[in-house]
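Take a look at the structure below.
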Amino acid sequence: SAVRALRADVGLIRLPVDRADLSVIRLYEETPVVVFPKDHVFGAAEDISISDIGDEVVLHPLDDTTEWQRLPGTAALERPETTAAAIELVAAGIGVVIVPQSLARLHHRRDLTYRPVTDAPGSSIALVWPEANTTEFVDEFIGIVRGRTANSSRGMTTRSEGATAAEKKKATKKTVQSNRNSSGGGRGASGGRSGKPGTRRGSATKGRGSSSKRRGR
């Protein structure tokens with residue numbers, strides 16, 4: 001494969017796979033579906049079970065990686081070379097085919113449709129890369145696939161760290177300036193308050209003078 005030949009750093013594959021010299025992370029499992037003509041009786045159902053397929057001719061392409069213990073239905077006389085060829089035979093009315101849902105979407109045709117098969121084995125998708133070639137970029141990609149962002153991965157660069165330090169310094173400078181402005185405003189308010197009592201004292205003195213005049217009368 002391209003990964004083993006180092007033509008690609010990582011790859012997405014369908015399991016099972018020979019794991020020799022490869023690191024493998026299972027990502028998710030795909031739902032199996034049965035593909036059939038739109039006028040087929042299966043179209044009336046929301047989902048299908050393996051027992052429902054018992055009377056059908058089931059095509060089994062050579063590139064199928066599903067781990068069947070026993071293929072349901074009646075096997076076709078010959079196995080198609082590829083899933084694409086099997087889809088063509090389904091369109092011709094030869095039988096039905098069970099494939100992962102992504103392949104049913106990939107080979108979508110207007111005259112065909114599909115339904116999930118509730119008790120068929122699923123198909124697992126995995127991320128693989130050479131064990132001996134786990135570079136910084138591969139490690140970062142693995143982290144992103146697992147849900148980490150590029151900035152939260154273990155391989156954060158010095159440039160990113162420098163940018164973070166600069167942002168912190170800028171934020172600190174803004175805080176200091178804001179505190180200075182607040183302190184200046186507080187002194188002005190205090191001065192205004194100290195002037196008001198003086199005014200009241202003047203008014204009180206004037207009031208006492210008026211009182212003396214009244215007593216003189």
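Residue count for segment 42-78, restricted to those that are within 20 Å of residue 106 (Cα to Cα) and without any contact (Cβ under 8 Å) to a residue 40 or more places away in the chain: 6. I'd like the residue in segment 98-120 that is touching a Pro at 6+ places or on another chain (Cβ under 7 Å) and part of a loop (DSSP other than H, G, I, E, B) and, out of all such residues, is nearest to residue 57 (Cα to Cα). Filtering first and then ranking leaves 120. Just one of (1) farther than 28 Å from residue 111 by Cα; (2) in contact (Cβ under 8 Å) with a residue 40 or more places away in the chain; (3) in a loop (DSSP other than H, G, I, E, B) fails for residue 24. It is (3). For segment 80-96, the criterion of a residue being crowded, with 16+ Cβ neighbours inside 10 Å and within 12 Å of residue 115 (Cα to Cα) is satisfied by at least one position. Applying the condition of being hydrophobic (A, V, I, L, M, F, W, C), over 21 Å from residue 38 (Cα atoms) and touching a strand residue (DSSP E or B) at 6+ places or on another chain (Cβ under 7 Å) to segment 63-108 and asking which residue is modelled with the highest pLDDT yields 75. Looking only at residues of segment 1-22 that are within 24 Å of the chain's Cα centre (by Cα) and among the small types (Gly, Ala, Ser), we find that the one that is modelled with the lowest pLDDT is 8.
The values are calculated or read from the model by the stated rules, or taken from the named source; none is laboratory data. These numbers come from a predicted model, not from an experiment. We place every Cβ from the backbone using ideal geometry, glycine too, and count neighbours over all the protein chains shown.
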